[in-house]
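**Q** Quick one: the structure is below, and I'll ask about it shortly.
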Ligand SMILES: Nc1ncnc2c1ncn2[C@@H]1O[C@H](COP(=O)(O)OP(=O)(O)OP(=O)(O)O)[C@@H](O)[C@H]1O
C-alpha cells in the first residue's frame, strides 16, 4: 500500500478493490505514472467504506475508482466522486471465449443484474452458460456455492467470485478487460479534475465565510448543517466537526431555519438573545433554479452595530457636526466674562443640561462649543440647531427624524433627526424660547425618556445626547405668560450660564476690537498696526451700547479695517471720518456724542446726575444693567485695556 504525497499537484486517485482485479490492473496503473498519484487499497471484507471515508476526511483522495459491489457501497456512503470500472458485453464475451477452451459448462456470477445478451452468446459459443447476479458478498458466495454444487468447474465473474473459485480449487476467470479498467481510471481522472475545480471554488467561498466577523450557519434541505464558520462555532461553543452533518434541531430553537426552509420565509434584522448577548439575525433561503435547497442564518452582534453606528456618526460629525471653538480662543478679561468662563468650565465636566442665556451675539454658541470641546464628548458630534429658523412641522422632523412614508414627500428610507445625529455627543438648541409649545412637549418627552421615536415610527431609538440650550429671551417670564412650558424650563435649566452683554463688560472691548481689526486688516493685506491705530477710538467704542454685542463688534471691526486701508501711514488717519463708515458709533441719545472720550465711570456718574440719582433710569439711559452701572460708578480708575 502506498500513500500519496498530500502536497502533490497530480490528481490523487484511490483504487479500492479485491485482490484479483487489483493484480489485474497493475499494468494499467503503471500507465498513469506522471498523470496521477494512485493509492491502491485492499477493499476486502467490507472495510472499503471506512478506508475511503478516512481518505476523504484527511483530504488524501480527489476521486475513487472501484468495481462491482465495492463501487456501489462507496457511491452510497461517500461524499466524494467514485468512478466505476464497468463491465462491457465485450469483456464477458472475451472471458467466455477463454472459458470455452477449458470447459463446455461455464458459470457466470456478476454483481448487479443478469445480462440478457448472454443467452444469445450461449448459442453462438455452443457451450452451456448459467448466470447469476448478486447484490452482497454473502449473496455472491451463495450463488457461487450453488454453481459448484451443480458441477460447474469454471466460473467467470467479478474479482470476489474469482477469489471464491480459487479458494474452492475451481478455475476462476476475471470478467474484466484491461480496456474497462483503463476506462474506469480515465473517468476517475476526469472526476478528480472537476472535484478539484469545485474544491477550489469551495475553498474560496469557505475563505470568505471564515473571514467574516458575522456568525454564519447553513443547512441543507434536510435541516442538516452543511457549513458553520468560526464565529458561529465560538458562539455555539462547538467546533465544526461536532456541527457539520448534524441536524439543526440539536441547537437552541432560536436558531431554527424551519420557516425559511419550509416556506421560504426571509428575515432581516430580527433580534435574538443568545449566549448572554443580543444578536441581529438574518435568515435567507438558498435556492437552486428557484427551488429551496437550503437556508442560511447570519448573526451580527448588536453591540458591533452600535459601534459601527457610532463610528459612522463620528465620521459624519467630522464632515458637518463639529465644534470648532475652545475656551482658549475666547477673548475677555472682564470680571463678568471670567466668571462666565469659570462657570462654563465647571459645567463642561458634567453631563447635565445647560441653559445659556444672554443677548443676541454675546457668544452663546461659542460657549456651547467650548463646553462640548472640554467635555468627555469632545470627539463626538456637536450638532447645532436654531429653533427660530424652522417652521414648526419642519423643526419637528429635523429634530426627531421621520420614517419612510411618514408624510407626503418624505424621503425614501426615512431620515434620522438631529437627536440621532448628535448621539453620544452634544445637541445645541439655540433660541429655544422660539420653540412652539407642541414641540416643547415632544422635546420634554425625549429628554426624559432618552429615546426618540421618528415621526411615523412605532419603535423608539435610544439616544445618548447632552443638551445645551440657549436663549436671548427671559424664559422665566415666558413661563409666567404660558409661552414656555414650565416643566421643560425646569428640565433644561439644570445648570445656568449667563453671558453678560458686551456693554456690561467694556473692559473686553479693546482686546476684542484689536483682535478682530488686526485679523481683518491682515486679510486685506494691510501692514499697519491695528492696535496703535485703534487707541484714539477706544473711549468711544467703550461707551457705545453694542446692541448686537460681539457679532456687531466683528462687523464694525471689518468696516474699520476697510476704513483704515485708505491710509498709508498712521499719521494720515482722519479719525473723525469714521463717522461716515460707522454712523451708529456717533449717534446721540443716551450715548456719548461725537468726540466723547469719557470713561465708563464718568458716564455712569453723569447719567446718575441727569436721572436725579435714580439708578434704574440711569442704567436705562446707558443701556446697561443696574449692576453694571453700579460697577462703573464705583470703579476707582478708568478700566485698563
Ligand atoms: N469672547 C469672545 N471671544 C471671541 N469671539 C467671540 C466672543 N464672544 C463672541 N464671539 C464671536 O461673536 C460672534 C457671535 O457669537 P455667537 O454666535 O456664539 O453668539 P450667540 O450669543 O450664540 O448669538 P445668537 O444669540 O444670535 O445666536 C461669533 O462670531 C463669535 O465667534
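**Q** Taking square-rooted eigenvalues a ≥ b ≥ c of the alpha carbon gyration tensor, is the stretch 418-496 rounded, prolate or oblate, where a/c under 1.5 means rounded and, failing that, a/b exceeding b/c means prolate?
**A** It comes out prolate by the Cα gyration axes.
**Q** Compute the Cα gyration tensor for the stretch 212-301, then decide on rounded, prolate or oblate, letting a ≥ b ≥ c be the square roots of its eigenvalues: rounded whenever a/c is under 1.5, prolate when a/b is larger than b/c in the other cases, and oblate in all that remain.
**A** Oblate.
**Q** What list do you get for 603, 416 if you sort them by fewest beta carbons within 10 Å?
**A** 416, 603
**Q** How much mean residue ellipticity at 222 nm does the chain get from its helices, if each DSSP H run of length 4 or more adds -39500 (n - 2.57) and you divide by all residues, to the nearest 500 deg cm²/dmol?
**A** Estimated from H runs of four or more residues: -13000 deg cm²/dmol.
**Q** Let me ask you something else. So how much slack lies between residue 577 and residue 138, counting 0.36 nm per residue of separation and subtracting their Cα-Cα distance, in nm?
**A** Length difference between fully extended and current span is 145.6 nm.
**Q** Quick one: what Rg and Dmax do you get for the chain from the alpha carbons, in Å?
**A** 47.1, 153
**Q** Here is a further query. For the stretch 89-175, report the translational diffusion coefficient in µm²/s to the nearest whole number, using Stokes-Einstein at 4 °C, 1.567 mPa s, and a Kirkwood Rh over Cα pairs.
**A** Here the translational diffusion coefficient equals 104 µm²/s.
**Q** Quick one: grab the alpha carbon gyration tensor of the stretch 320-498, order the square roots of its eigenvalues as a ≥ b ≥ c, and give me rounded if a/c is under 1.5, else prolate or oblate depending on whether a/b is larger than b/c.
**A** It comes out prolate by the Cα gyration axes.
**Q** Quick check: pseudo-label points 7 Å beyond the Cα along Cα→Cβ at residue 115 and residue 562, how many nm apart are they?
**A** About 11.0 nm, to one decimal.
**Q** Determine the distance separating the Cα centre of the stretch 230-292 from the Cα centre of the stretch 35-109; give it in Å without decimals.
**A** The two parts, judged by their Cα centres, are 40 Å apart.
**Q** Shifting gears a bit: Run the numbers for residue 30 and residue 527: contour at 0.36 nm per residue of separation, minus the present Cα-Cα distance, in nm.
**A** Taking residue 30 through residue 527 to full extension adds about 169.2 nm, to one decimal.
**Q** Can you tell me, using C-alpha contacts under 8 Å and at least 6 residues apart, the relative contact order of the chain as a whole percent?
**A** After rounding, I find 8 percent.
**Q** Taking R0 as 22 Å, what FRET efficiency do you get between residue 178 and residue 102 from their Cβ-Cβ distance, rounded to the nearest 0.05?
**A** 0.60
**Q** Between residue 331 and residue 458, what's the calculated FRET efficiency when r is the beta-carbon distance and R0 is 45 Å? Round to 0.05.
**A** 0.35
**Q** Roughly how many Å is it from the Cα centre of the stretch 165-184 to that of the stretch 507-578, as a whole number?
**A** 114 Å
**Q** Most exposed first by the Cβ proxy, i.e. fewest other Cβ within 10 Å, how do 72, 397, 211 rank?
**A** Final ranking by Cβ density, sparse to dense: 211, 72, 397.
**Q** To make sure I understand, if each residue's beta carbon is the centre and we count other beta carbons within 10 Å, what order do 14, 582, 387 fall in, fewest to most?
**A** The most exposed by this proxy come first: 582, 387, 14.
**Q** Just order 118-125, 494-501 by mean Cβ neighbour count inside 10 Å, highest at the front, would you?
**A** Descending mean neighbour count gives 494-501, 118-125.
**Q** Given 0.36 nm per residue, what is the gain on full extension from residue 393 to residue 79 after removing their alpha carbon distance, in nm?
**A** 106.6 nm
Laboratory data are not the source of any read-out in this text; all were calculated from the coordinates shown. Every value quoted in this text rests on a predicted model; they were computed, and no experiment measured them. Cβ sites come from the backbone with ideal geometry, for glycine too, and all protein chains shown count toward neighbours.
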